[in-house]
Structure formats: structure tokens, C-alpha cells
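Undergrad: Can you keep this structure in mind? I'll have questions shortly.
The values are calculated or read from the model by the stated rules, or taken from the named source; none is laboratory data. Every value quoted in this text rests on a predicted model; they were computed, and no experiment measured them. Virtual Cβ from ideal backbone geometry, glycine too; neighbours counted across all protein chains shown. Side chains are part of the model used for accessible areas, which takes the heavy atoms of the whole protein and leaves out ligands, DNA and RNA. Shrake-Rupley method; radii C 1.70, N 1.55, O 1.52, S 1.80 Å.
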Amino acid sequence: MKQKLNYGRIHLSYTDFDVNTPCIPYPFIKICPIKINHKTIRPELSPNDCLSLLKLKANEVISFRDAYLEWYFSHSWDCDIGEGRSFLRWLKLHHRSIKWTGSEFRLHDYFLSPLCPNHEQQDEMAKGLSFAIKPVWVEKRFIKLYLSDESVLSLFSLPFGEEEEFMELIKQYIKMRFKWEGWGAPSPTFLDWVRAMAKRPLFHPGDLGFHLQDITT
């Protein structure tokens, strides 16, 4: 499936993290430990699981602590699919979603930078996308690339590849998109192209933003 591009005017609106050094902000989020009866429980949820939980909407809303502990002590585990997916399936089965507070999770420090780009509210092409990419200047115009949440998380977790700046890879990909379109050739997704080029992107502050509306109370 082709990734979307937008042409025209754009309004630019962890512990070892160094704002002056490009990094891979992975995991992009961590769930905080839960303390109960002098015992600490550490939820083992993957970044993909966490994002699915953040985006889950249901009629009944419950705190993460209450939901997780009820699931945990009810032994509603499914070892075949892992903790995160098992918890998510339990929530869907009971028609529940999470009422988050800021103390229950922590975003990677990379995404707390005021430089992080954001999607405009009226941007129809950004619907359902949690990550916003800074527009790049290619062939005398600003162009914005849209990536699915799953693609961004896959870029974070690439196990190997020649490290290269994310924005440079975006520019190279867009230039190739122009060529592919001129040839009438099919365009691979950005993720597939990065994998085929054996690259591993590094992110500078301001390259990428993460925003979900109405997460916390």
C-alpha cells in the first residue's frame, strides 16, 4: 500500500536521552509499575500493546490500575499470545477501555520536546495516525510523509542496518517516489524501502512527534 504524501504549505507548528545526539526512541512508552500490598507488579506490555491500549475506546471506562489488577488476579492469561494481547483481549471482551492518568505511563523523553511536530486538526490525511513527521524541503516545496503507527514502531525496532538520519532517508525516499511515479512503477512503502536499503534511522529532536488526543484526565 502506498504511503500518503501531502504537497503545499505546511504549518510547522529516557534517562540517557541527550537532546544533542540523534537516537532511536524505543521503547517510545513505558508502563509504570503497580504497587499493591507491599508488592510491585511490573506490567510486561510491548510498545505495540501500549499503543493499542491508548487508542482503545469502549463504553465503560476504568482506571489502568483497577483493570490490570482485576485481569491479573483473575488469571485470564493466554500464554500463547502474550501478556499485552491477552490483557487487551480481556478488555475488549468486557467492553472496557482505560481512563489514563499521567502517572501510569511515561513517554520517551524524545517525545516531550517542544520541537515535536504535530498534525493539524483539520488534516484529513492524518486521521488515525499518532505520529507526525516534520515536513521536508524537496524540489522547491515542502512535502509531508504520513506513516502508519505500525510502520513507525517497526522503524524503531529494526534490529540492524546502516544508521542514517531519518530526515535524510525521508528526502531520499520522496525523490525516489517522484522517479517511480514518472516511470509508472509501483512504489514500495517507506518501511519496505528502508529495509531493502538495509538502513536504520536515527531521529533528531523535532523530526517526529507523538500525540494522542484525550489520553489523560
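Undergrad: Does residue 104 fit the bill of being at negative phi and modelled with pLDDT under 95? Break it down stepwise before answering.
TA: On the way: at negative phi: yes; modelled with pLDDT under 95: yes.
So residue 104 fits the description; yes.
Undergrad: Being at pLDDT 90 or above, open to solvent by 70 Å² or more (accessible area, probe 1.4 Å) and under 24 Å from residue 26 (Cβ atoms): is that true of residue 93 here?
TA: On the way: at pLDDT 90 or above: yes; open to solvent by 70 Å² or more (accessible area, probe 1.4 Å): yes; under 24 Å from residue 26 (Cβ atoms): no.
Criteria not met by residue 93.
Undergrad: Among the residues of the range 129-153 satisfying the criterion of being under 19 Å from residue 115 (Cβ atoms) and of a type in the set (Gly, Ala, Ser), which is farthest from the chain's Cα centre (by Cα)?
TA: Checked the range 129-153; the qualifying residue farthest from the chain's Cα centre (by Cα) is 132.
Undergrad: Open to solvent by less than 90 Å² (accessible area, probe 1.4 Å) and at pLDDT below 90: does that describe residue 81? Before you say what the answer is, go through the steps one by one.
TA: Working: open to solvent by less than 90 Å² (accessible area, probe 1.4 Å): yes; at pLDDT below 90: yes.
Against the criterion (open to solvent by less than 90 Å² (accessible area, probe 1.4 Å) and at pLDDT below 90), residue 81 qualifies.
Undergrad: Just the residues that are farther than 14 Å from residue 30 by Cα and not charged (D, E, K, R), please, taken from the range 108-122. Please lay out each step first, then the result.
TA: Let us first name the residues in the range 108-122 that are farther than 14 Å from residue 30 by Cα, namely 113-122.
Across the range 108-122, the qualifying residues are 113, 114, 115, 116, 117, 118, 119, 121, 122.
Undergrad: So residue 163 fits all but one of (1) at pLDDT 95 or above; (2) assigned to a strand (DSSP E or B); (3) surrounded by 15 or more Cβ atoms within 10 Å (Cβ to Cβ); (4) touching a Lys or Arg at 6+ places or on another chain (Cβ under 8 Å); what number is the exception?
TA: Here residue 163 meets the rest and fails (3).
Undergrad: Quick one: count up the residues across the range 67-109 that are of a type in the set (D, E, K, R) and part of a helix (DSSP H, G or I).
TA: Total meeting the criteria: 6.
Undergrad: Residue pairs, Cβ under 7 Å, 6 or more apart or interchain, first in the range 57-77 and under 12 Å from residue 90 (Cα atoms), second charged (D, E, K, R) and open to solvent by less than 60 Å² (accessible area, probe 1.4 Å). List them.
TA: That search, which allows pairs on different chains as well, returns 67/96.
Undergrad: Is the range 36-48 home to any residue that is open to solvent by 100 Å² or more (accessible area, probe 1.4 Å), touching a helix residue (DSSP H, G or I) at 6+ places or on another chain (Cβ under 8 Å), basic (Lys, Arg) and not in a helix (DSSP H, G or I)?
TA: no
Undergrad: So is residue 168 outside any loop (DSSP other than H, G, I, E, B), open to solvent by 60 Å² or more (accessible area, probe 1.4 Å) and in contact with a helix residue (DSSP H, G or I) (Cβ under 9 Å, 6 or more places away or on another chain) or not? Outline the logic, then answer.
TA: Numbers: outside any loop (DSSP other than H, G, I, E, B): yes; open to solvent by 60 Å² or more (accessible area, probe 1.4 Å): yes; in contact with a helix residue (DSSP H, G or I) (Cβ under 9 Å, 6 or more places away or on another chain): no.
Considered against the rule, which asks whether it is outside any loop (DSSP other than H, G, I, E, B), open to solvent by 60 Å² or more (accessible area, probe 1.4 Å) and in contact with a helix residue (DSSP H, G or I) (Cβ under 9 Å, 6 or more places away or on another chain), residue 168 comes out as no.
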